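Read the structure below first, then the notes.
Derivation of every value follows stated rules applied to the coordinates shown; laboratory data play no part. Given the structure is predicted, the values throughout are model-derived calculations rather than measurements. Positions of Cβ are generated from backbone atoms using ideal geometry, with glycine treated the same way; all protein chains shown enter the neighbour counts.
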Amino acid sequence: MLTRLANPARFMRISAVALPWCAWASCAVIAVGLYLALIAAPPDYQQGEAVRIMYVHVPAAWMALNIYLFVAVASAVALVWRHPLAEIAARSAAPIGAAFTFVCLASGSLWGRPMWGTWWVWDARLTSVLVLFFLYLGYIALVNGFDDPGRGGRVGSILALVGVVNLPIIKFSVDWWNTLHQPASVLRFGKPTIALSMLVPLLVMALGFMLLFAALLLVRMRTELNERKIRALRLNSAASVRPKRRSEHGVPARPAVLR
Amino acid sequence: MSAYFAMGGYAVFVWPAYALTATVLGGLVLYSWQRYRDSIRNLERLQRQVSPR
Amino acid sequence: MILAAFLALFRRDLRLALRQGGDTGLVIAFFVLTVVLFPFGVGPEPEVLARSAPGILWVAALLAALLSLDRLFLPDYEDGSLDLIALSSLPLELATLAKCAAHWVSTGVPLALISPALALILDLDPRAIATLLASLLIGTPALSLIGGVAAALTLGARRQGVLLSLLVLPLYVPPLIFGAGAVEAAALGMPPRVDLLLLGALTLAALPLCPWAAAAALRQALG
Amino acid sequence: MHAALGKQTRRPMLPHLSNRLSLTAAPALAVPLPDLVGEDLACRRGERIVFIGASFRLSPGDTLILSGANGSGKSSLLRLVAGLLTPVAGRLLWGIAPVAADLASHHACLHYIGHQDALKPAMTPREVLAFAAALRGRRLASAEPALDEALAAFDLEGIADWPCRWLSAGQRRRVALARLLASPAPLWLLDEPTTALDSDSQTRLEQAIATHRSKGGMVMIATHAPIQLDAATTLALDGLAPPLQLDPILAE
């Protein structure tokens, strides 16, 4: 499947069809999810209405982690099989992941305030998401840190792999650190056993976020491909302006099919 | 109706959470869509310049 | 044959770091200065300082190691020595290992050796000073190795200094947690063995993986 | 002699190649070296494809001069032949053995002198040459005579123990060139070697190249200076610029 999608022209055709579907589907699913989360779901016996923040916080946390894994897999494909489209997928997905991570942190902080009286609670999971957020920022800064976008992409792929290897280590060390310094709050931040009426909105919102990710990814990848075409056209128009001194035995005009 | 918006006293936390999510994700959607439209427009303009020659 | 080249590169880097007297002295001065600044911030009360001494010492050591990281590959990249090293009989992975080892010896070891003196300034519990020395000696190789990867990744980037610290700090969280945790456990009288073992595991894991990743990054810089 | 930590399986062709390549001060090579052949090489630097279809054949004792305007890819071709750059198309071969099969042995057979001199200000020329020889795996003890010979060849004995920050540009260039003789390698890749050299040093360089070629060595040189090289073939890179700059992702 992967190699079939490798051809950018085919990708553009497929994504042109898939994009509207993804976009409308994500809007519909998120709308349903919001209705379920804000209206249909019952308040929690302990936390009352505040539990509704969970329907945004938890799906965002899932997306934050899964998108980083997506970036890592795309980077591995880009490095191992020299797959140009995979590099563009990784580069386009990272900002979306960073946005979801930020949403997760902000909603977590807003949820922590009424529950534990502090805007930021150093809970193991929330702290790991914070470190993940810095991994995202590091990747995005590195990819855009070079003048030559190709160079940034390849180096970013290596960083994504280094990051994904470190993720479980960071998660383990933060949990270890958390057990050492038990934070002031007594109520464990863990999710209570979810009643079905609470689980459904959670899953619907998660599906909505996934479709939103897919739609955004396709838009950003198409933008990246267009920008590459623009750069190539500018490079060629600059090249054609350069005087060709040895035009008598001109090199055959076949485009060089390059690895 | 207003009781609903009070969110059992937690309105000041629940609504900002959803508003923030909407602004961040919505902002990213608008920004990406805007850049997408720009890239299409530039590409067509460049292709018109190159092809008629 | 390869060992001769490895030792040559290691000795040259070490001599350059020590001969110019720049890196090592600078790093130690930064370490001492950072630690000394804390009492001005949190106040001189001994029990406050003693309570947070492990964290202060480890964060300061970590930042001091971070300070001299961008000098790991950049001078060689700019004056063409990196081409020479890439074309030598030494595989690039071993070359990065040699450079990270030289960086460790010229910054990590001095930091560890001077840390007991600073522990006294912060009234750290005397029982923990031995553990502090051990944790820094075990942990700083991991800092140099992970830092080596970040330095190789950001080679030739715009604003390399800032970018390098942004990449490295999230990866420094595990060594910091285990290192400071070991010292704190010792200060509370508990056995620091498990923390030190975990820290040692980090360093051993970093030993093969980081040079491999750094070499891959250097090849991008050379090509 | 060469215990390469080869990750790939060793190709039968190359190891015996590197054994024969110990072009020490020994008399001329009994067994001739294979030719260095470039087939239809194409090179990309950053986003730009610099040249396509570059082909050449360099047999022992030959010199190849790369000519072309600035930016036509002379330095890129030298870096590509040195193995620092991977070609985007085409192949580089020793005789029939592709270089990509065993890059470590290929690196052992060449010297690459780029635009930069790769000198550390705090090190002296003697230390620089000793380090360069050690990097190529020469024991320090056995390298001593070769160091003195290299220093003498480029008239550097007087300043052999000055730190490099005291040296002028020409002296620094001579130290960089002295690396060619500090440890033997049959293939010399020289990028603008005569920059900042005075006429006396230039004749020393021409002499070094002549003796190297007489011993069966090969030289590939990118230069604008009128350097005196007899029976040298030329590869013009100007006509090889591709008409169509195609980004690989759009090429399919």
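Seen from A:S92, the other residues with C-beta closer than 13 Å to its C-beta sum to a net charge of +2, counting Lys and Arg as +1 and Asp and Glu as -1. Here the Karplus relation 6.51 cos²θ - 1.76 cosθ + 1.60, evaluated at θ = phi - 60°, turns the backbone of the stretch D:112-129 into coupling constants of 10, 10, x, 5, 7, 8, 6, 10, 8, x, 7, 9, 8, x, 4, 5, 4, 5 Hz, with x for every Gly and Pro.
Note on the protein assembly as shown: Kirkwood hydrodynamic radius from all Cα pairs is 29.7 Å, rounded to one decimal. Calculated on C-alpha atoms, the gyration radius of the stretch B:2-50 divided by its Kirkwood radius gives an Rg/Rh of 1.45. Sorting A:I39, D:I113 from the fewest to the most surrounding beta carbons within 10 angstrom yields A:I39, D:I113.
Computed from Cα positions, the angle between helix C:193-222 and the longest principal axis of chain C comes to roughly 30 degrees. Note on B:Q34 and C:R11: the model spin-label points, each 7 Å out from Cα along the C-beta direction, lie 6.1 nm apart.
Counting Cβ atoms of other protein chains within 10 Å of each Cβ in B:18-27 and taking the mean gives 6. Spatially close Lys pairs in the protein assembly as shown, defined by Cα atoms under 25 Å apart and a spacing of eight or more places or different chains, total 5. This ranking places A:I170, A:I88 by how few other beta-carbon atoms lie within 10 Å of each, fewest first, which gives A:I170, A:I88.
Hey, got the average number of other protein chain Cβ atoms within 10 angstrom for residues in C:77-85? Per residue, the number of nearby Cβ atoms from other chains is 6 on average. Ranking of D:V50, A:V164 by neighbouring Cβ atoms within 10 Å, starting from the fewest: A:V164, D:V50.
The label-point distance for C:V36 and C:M190, in a model that sets each label 7 Å from Cα toward Cβ, rounds to 3.4 nm.
Taken residue by residue and averaged, Cβ atoms of other chains lying within 10 Å of the Cβ of A:211-221 number 3.
Considering helices alone, the calculated mean residue ellipticity of chain C at 222 nm is -27000 deg cm²/dmol, with DSSP H runs of length four and up weighted by -39500 (n - 2.57) and normalised per residue. Put simply, when D:51-63, D:182-194 are sorted by average Cβ atoms within 10 angstrom per residue, most first, you get D:182-194, D:51-63.
Computed from phi, the 3J(HN,Hα) profile of the stretch A:166-175 under the Karplus parametrisation 6.51, -1.76, 1.60 (θ = phi - 60°) reads 7, 3, x, 5, 4, 4, 5, 5, 5, 4 Hz, with x in place of Gly and Pro. Using only Cα atoms, find the angle between the long axis of helix B:11-50 and the longest principal axis of chain B, and express it within 0 to 90 degrees, rounded to the nearest 10. Once rounded, the angle reads 10 degrees. Normalising by residue count, the stretch C:2-222 has a Cα convex hull of 109 Å³ per residue. Comparing D:L156, D:G46, C:A217 along the charge dipole axis of the protein assembly as shown, the residue lying farthest to the positive side is D:G46, per the Cβ-charge model. Taking a spot 7 Å from the Cα of A:W62 along the direction of its beta carbon, which residues of the stretch B:1-38 have an amide N less than 19 Å from it? B:18, B:21-22, B:25, by backbone N distance to the label point. Using R0 = 51 Å, the C-beta based FRET efficiency linking D:R91 and D:A225 works out to 0.95. Structural descriptor for the stretch C:2-222: relative contact order 27 percent, calculated from alpha carbon pairs under 8 angstrom and at least 6 residues apart.
In this simple spin-label approximation, C:R159 and B:T23 carry label points 7 Å from Cα along the Cα→Cβ vector, and these lie 2.4 nm apart.
Sorting A:197-207, A:64-74 by their mean Cβ neighbour count within 10 Å, with the most densely packed peptide first, gives A:64-74, A:197-207. Placing +1 on the Cβ of every Lys and Arg and -1 on the Cβ of every Asp and Glu, with no other charges, gives the stretch C:2-222 a dipole of roughly 340 debye about its Cα centre.
Along the positive direction of the dipole of the stretch C:1-112 (beta-carbon charges: Lys, Arg +1; Asp, Glu -1; about the Cα centre), which of C:V109, C:V35, C:A65 reaches farthest? The residue sitting most towards the positive pole is C:V109.
Rounded to the nearest Hz, the phi-derived 3J(HN,Hα) couplings of the stretch D:156-161 under the Karplus curve 6.51 cos²θ - 1.76 cosθ + 1.60 (θ = phi - 60°) are 10, 4, x, 10, 5, 10, where x marks glycine and proline.
Distant-in-sequence amide contacts of D:S67, defined by a placed amide H-H separation under 5 Å and a gap of 5 or more residues or a different chain, comprise D:L235, D:A236, D:L237. Its residue count N fixes a reference of 2.2 N^0.38 Å for the stretch D:136-201, and the Cα radius of gyration divided by that reference is 1.13. What FRET efficiency do you get for B:S2 and A:A40 if R0 is 22 Å and r is their Cβ-Cβ distance, rounded to the nearest 0.05? Efficiency at R0 = 22 Å is approximately 0.65.
A cut-off of 5 Å between modelled amide H atoms, ignoring neighbours fewer than 5 places along the same chain, links D:V50 with D:C43, D:R44, D:R45.
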